[in-house]
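Report on the structure given below.
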């Protein structure tokens with residue numbers, strides 16, 4: 001349960017990070033060194049791409065907007081991390 005809480009906290013804090021440097025600072029400060037991260041409302045996938053720099057994370061983005069999902073998938077494929085990082089649609093419930 002503690003590990004899940006740490007990952008949830010990491011995801012929330014990471015969403016507030018505005019640059020790769022501050023994202024790195026957030027992940028280091030959290031003490032979480034890897035795991036499974038789900039981002040609800042992944043938008044264009046920028047945060048997932050940034051988090052994918054750490055190969056210890058398995059990432060999954062979810063969004064209600066099919067265009068955002070497509071954009072995220074394209075971004076992750078271009079970054080050559082699709083598979084370890086992925087995106088899909090969801091109904092928001």
Odd one out for residue 33 among (1) at pLDDT below 85; (2) surrounded by 14 or more Cβ atoms within 10 Å (Cβ to Cβ); (3) not in a helix (DSSP H, G or I)
(2)
Kindly list the number of the only condition in (1) in contact with a strand residue (DSSP E or B) (Cβ under 8 Å, 6 or more places away or on another chain); (2) farther than 17 Å from residue 72 by Cβ that fails for residue 54.
(1)
When residues of segment 49-93 are filtered for being closer than 12 Å to residue 37 by Cβ and out of contact with any helix residue (DSSP H, G or I) (no Cβ under 6 Å at 6 or more places or on another chain), how many remain?
9
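The values are calculated or read from the model by the stated rules, or taken from the named source; none is laboratory data. Just so you know, these numbers come straight off a predicted model, no measurement behind them. Positions of Cβ are backbone-derived with ideal geometry, glycine not excepted, and every protein chain shown enters the neighbour counts.
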